[in-house]
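Structure provided below as structure tokens; questions to follow.
The values are calculated or read from the model by the stated rules, or taken from the named source; none is laboratory data. Please read these numbers as outputs of a predicted model, since none were measured by experiment. Virtual Cβ from ideal backbone geometry, glycine too; neighbours counted across all protein chains shown. Areas reflect the complete protein model, heavy atoms only, side chains present, ligands, DNA and RNA absent. Shrake-Rupley method; radii C 1.70, N 1.55, O 1.52, S 1.80 Å.
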Amino acid sequence: MKKQATREAYGKALLELGKQHQDIVVLDADLSKSTKTAEFARVFPERFINAGIAEQNMMGMSAGLAAAGKTVFASTFAVFAAGRAFEQIRNSIAYAALDVKICATHAGITVGEDGGSHQSVEDIALMRIIPGMRVVVPADGPSTGQLLEQLYHRKGPAYLRLGRLAVDQVYAEDNKLELDRGVELKIGTEATIVACGIMVDRAIQAWELLSREGISVSVVDMHTIKPLDQELLIKKAKETGAILTVEEHSIIGGLGSAVCEIVSEYYPVPVLRMGIKDQFGQSGRPEELLQHYGLGVEDIVQKVRNLLEIK
Amino acid sequence: MREINDRAVLQVKEKALAIRRHIVTMLSAAGSGHTGGSLSASDIVACLYFWEMNLDPANPDWENRDRFVLSKGHAAPVLYAALAERGFFPTEQLMTLRKLGSPLQGHPDMRKLAGVEASTGSLGQGISWAVGMALAGKIDKKPHRVYVMVGDGELEEGMVWEASMAAAHYKLDNLLLFVDHNGLQIDGKISEVLSPEPISDKFRAFGWHVIEVDGHHIPDIMEALNQARRVKGQPVVIVAATTKGKGCSFMEDRVEWHGTAPNREEMDKALAELV
Ligand SMILES: Cc1ncc(C[n+]2csc(CCOP(=O)(O)OP(=O)(O)O)c2C)c(N)n1
Ligand SMILES: [Mg+2]
């Protein structure tokens, strides 16, 4: 299976969508080669707008374009989208419930060598808290394509979180993934690992190691963090009685928090959260950083053991 | 006012060359990073660190030191090379650039490396930071000066103009801005992506004293720096015409060298030219 970054899959899927739908306009902020909107720009120059290094203006222009009937896809790095332009997203895009899909790449610590200033570990939290904002974090290339297509048909603002690092495929090209519906990738009885983004593949690897130890766990890909698939989550809480969340994001405000909010209200079971522990990232190779910040496959295995002890 | 003489010019030239050699070498060792914009800024940074600024490498926190903020933080290698050459840390440490645990982060981190005055990397923010430092200098009636460098693509950030308005409003004649005008950003020429031109006229309209120089001509940069010291009651911007990748013929004015590090072969080729 070939490795592919979710940003690569985004660029390809965006081009295909652009061929089918004339109302699509794409914006970027001088990062089109990195975010992979460059291909769309080459084929549809009249529907591509480079905002230059001006993310706030890009979000404001996106709102205006959407208000005029366009379906807008706006891309830059996650830290400059969710961070720099937060208030434009909140007040111009979300408050007006406009059809702007913010497709942010280079999320999380696997940005690597560029370092902490460029590694967004807060963007899920920032976007999730905005009323009406859908938040989607695909695990691999094929699911990115599938979810992007569905996002086009779902009116309203959305935040699609994409990565720089090439990752293994979790899904087949012809997967039947559905927006807003989590996926039970593995079914086990003792605990449930709920993961998103590039951590889904690692959760599956951990599941394999745990299986060999005779520990039976479920693995859920919670690609849509908002609206969260409550039904599936409560079902897994009932069936397995313990949950571990795994994300390449701060343990504050992201997937782990979203899961805790639902589980504590509807069916309290022990939940442990894995993610970046309230700190900034730094320069390093992506794999090295995942190990350094405790997001290795072994770390997940160990955390499941801890979870079973307190269950 | 500093004296401009042959000896000083020669010394700065030698340092600029040493800085360029370090840039190419450390980026090659790192395997990633921003080569073009580090090389375009080398002559200006050499003038600042080896002629213009009052600094004490043995006492990096000396309160009357001049400050330099690299707002275009992706050009971190030029800053690191200058700091190492100036004696803030051993030059061998340059080879740890971008490696896990190194104080030489991909973008400058003031909490990790002595001599770095501001944590930058998010374009547009360093200039506001420098305005803040210059305001503090005024409040405390300190003699030191604050220097800041932005890229010409960086001028597209609205924040740059908010900072510029503030600097003129508060009459910050202790602030000196360099625009590294190399004509390129990531997606192409600044004139094609989103033109910030006419740059000098914009700054003039914002209340700044504008000086235009060739950013690779060391005596001219020195002359501009001396001229800037004589300006009272307004901030000064030096719009420096530069070439991205300057010094390595195969990188010069080529957009693909913005965020690419030279491999071994390319490094050798570059070092052969940098003599
Ligand atoms: C706020 C922000 N947006 C985007 C980036 C990504 N980025 C890094 S360098 C760069 C281009 C900078 O061009 P310019 O200012 O002309 O720098 P130079 O040519 O001197 O390298 C961009 C868009 C960033 N670092 N910060
Ligand atoms: Mg430039």
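Give me the helices (runs of 4 or more DSSP H) completely within the stretch A:35-134, filtered to those with at least 3 residues that are away from every other protein chain (no Cβ under 14 Å), ordered by residue number.
Filter on the stretch A:35-134 gives A:55-67, A:123-128.
Let me ask you something else. Residues in the stretch B:11-18: is at least one within 16 Å of ligand 2 (Cβ to nearest atom), open to solvent by less than 30 Å² (accessible area, probe 1.4 Å) and of a type in the set (A, V, I, L, M)?
No: the stretch B:11-18 contains no residue that is within 16 Å of ligand 2 (Cβ to nearest atom), open to solvent by less than 30 Å² (accessible area, probe 1.4 Å) and of a type in the set (A, V, I, L, M).
Separate question: Among the residues of the stretch B:33-65, which ones are more than 16 Å from ligand 2 (Cβ to nearest atom) and not in a loop (DSSP other than H, G, I, E, B)?
B:ALA46, B:CYS47, B:LEU48, B:TYR49, B:PHE50, B:TRP51, B:GLU52
Given (1) within 12 Å of chain B (Cβ to nearest Cβ); (2) in a helix (DSSP H, G or I), where does A:GLU16 come up short, assuming only one miss?
(1)
On the given criteria, is B:ASN174 within 30 Å of B:LYS141 (Cα to Cα), within 18 Å of the chain's Cα centre (by Cα) and modelled with pLDDT of 95 or more?
Considered against the rule, which asks whether it is within 30 Å of B:LYS141 (Cα to Cα), within 18 Å of the chain's Cα centre (by Cα) and modelled with pLDDT of 95 or more, B:ASN174 comes out as yes.
Mind checking which residues of the stretch B:57-82 are basic (Lys, Arg) and more than 16 Å from ligand 1 (Cβ to nearest atom)?
B:ARG65, B:ARG67
Restricting to the stretch B:124-151, and then to whatever is within 16 Å of ligand 2 (Cβ to nearest atom) and within 13 Å of the chain's Cα centre (by Cα), can you tell me which residue is nearest to the other protein chains (Cβ to nearest Cβ)?
Checked the stretch B:124-151; the qualifying residue nearest to the other protein chains (Cβ to nearest Cβ) is B:GLY151.
Among the residues of the stretch A:276-293, which ones are more than 14 Å from chain B (Cβ to nearest Cβ) and either surrounded by fewer than 16 Cβ atoms within 10 Å (Cβ to Cβ) or closer than 19 Å to A:VAL217 by Cα (or both)?
Those that are more than 14 Å from chain B (Cβ to nearest Cβ) and either surrounded by fewer than 16 Cβ atoms within 10 Å (Cβ to Cβ) or closer than 19 Å to A:VAL217 by Cα (or both): A:LYS277, A:ASP278.
Within the stretch B:152-189, can you find the residues that are open to solvent by 10 Å² or more (accessible area, probe 1.4 Å) and closer than 18 Å to B:VAL78 by Cα?
Residues satisfying the conditions are B:HIS181, B:ASN182, B:LEU184.
Right, here's the next one. Name the strands (runs of 3 or more DSSP E) wholly within the stretch A:158-269 that hold at least 3 residues that are surrounded by fewer than 24 Cβ atoms within 10 Å (Cβ to Cβ) and either of a type in the set (D, E, K, R) or under 15 Å from the mean Cα position of the chain (by Cα) (or both)?
The qualifying strands (runs of 3 or more DSSP E) are A:183-186.
Return the pair list, or none, for Cβ contacts closer than 6 Å from residues in the stretch B:34-45 that are within 7 Å of ligand 1 (Cβ to nearest atom) and at pLDDT 95 or above to residues that are in a helix (DSSP H, G or I) and open to solvent by 10 Å² or more (accessible area, probe 1.4 Å), at least 6 apart or on different chains.
Correct list of pairs: B:HIS34/B:HIS74; B:GLY36/B:TRP257.
Shifting gears a bit: If I go through the stretch B:97-118 residue by residue, how many of them are without any contact (Cβ under 8 Å) to a residue 24 or more places away in the chain and either within 7 Å of chain A (Cβ to nearest Cβ) or of a type in the set (Asp, Glu) (or both)?
Here the count works out to 3.
Can you find even one residue in the stretch A:77-92 that is away from ligand 1 (no atom under 16 Å from the Cβ) and touching a strand residue (DSSP E or B) at 6+ places or on another chain (Cβ under 7 Å)?
Checking the stretch A:77-92: not a single residue is away from ligand 1 (no atom under 16 Å from the Cβ) and touching a strand residue (DSSP E or B) at 6+ places or on another chain (Cβ under 7 Å).
Can I ask one more? Considering the stretch B:119-138 alone, what residues qualify as being in contact (Cβ under 8 Å) with a residue 24 or more places away in the chain and in a helix (DSSP H, G or I)?
B:GLN125, B:GLY126, B:ILE127, B:SER128, B:TRP129, B:ALA130, B:VAL131, B:MET133, B:ALA134, B:LEU135, B:GLY137, B:LYS138
Here's a follow-up. Find all pairs meeting these conditions: Cβ atoms under 9 angstrom apart; at least six residues apart or on different chains; first residue within the stretch B:174-186 and among the β-branched types (Val, Ile, Thr); second residue within 6 Å of ligand 2 (Cβ to nearest atom) and at pLDDT 95 or above.
B:VAL179/B:GLY151; B:VAL179/B:ASP152; B:ILE186/B:GLY153
In the stretch A:41-75, how many are open to solvent by less than 50 Å² (accessible area, probe 1.4 Å), within 15 Å of B:MET159 (Cβ to Cβ) and of a type outside the set (A, V, I, L, M)?
Adding up the residues that qualify gives 3.
Continuing with this model, one more query. I'm trying to understand the selection: among the residues of the stretch B:22-52, which are farther than 13 Å from B:LEU94 by Cα, within 14 Å of chain A (Cβ to nearest Cβ) and of a type in the set (S, T, N, Q)?
Across the stretch B:22-52, the qualifying residues are B:SER32, B:THR35.
Also: Give me a count of the residues in the stretch B:258-274 that are touching a residue at least 12 places away in the same chain (Cβ under 8 Å) and either out of contact with any His (no Cβ under 9 Å at 6 or more places or on another chain) or among the charged types (D, E, K, R) (or both).
Selection size over the stretch B:258-274: 10.
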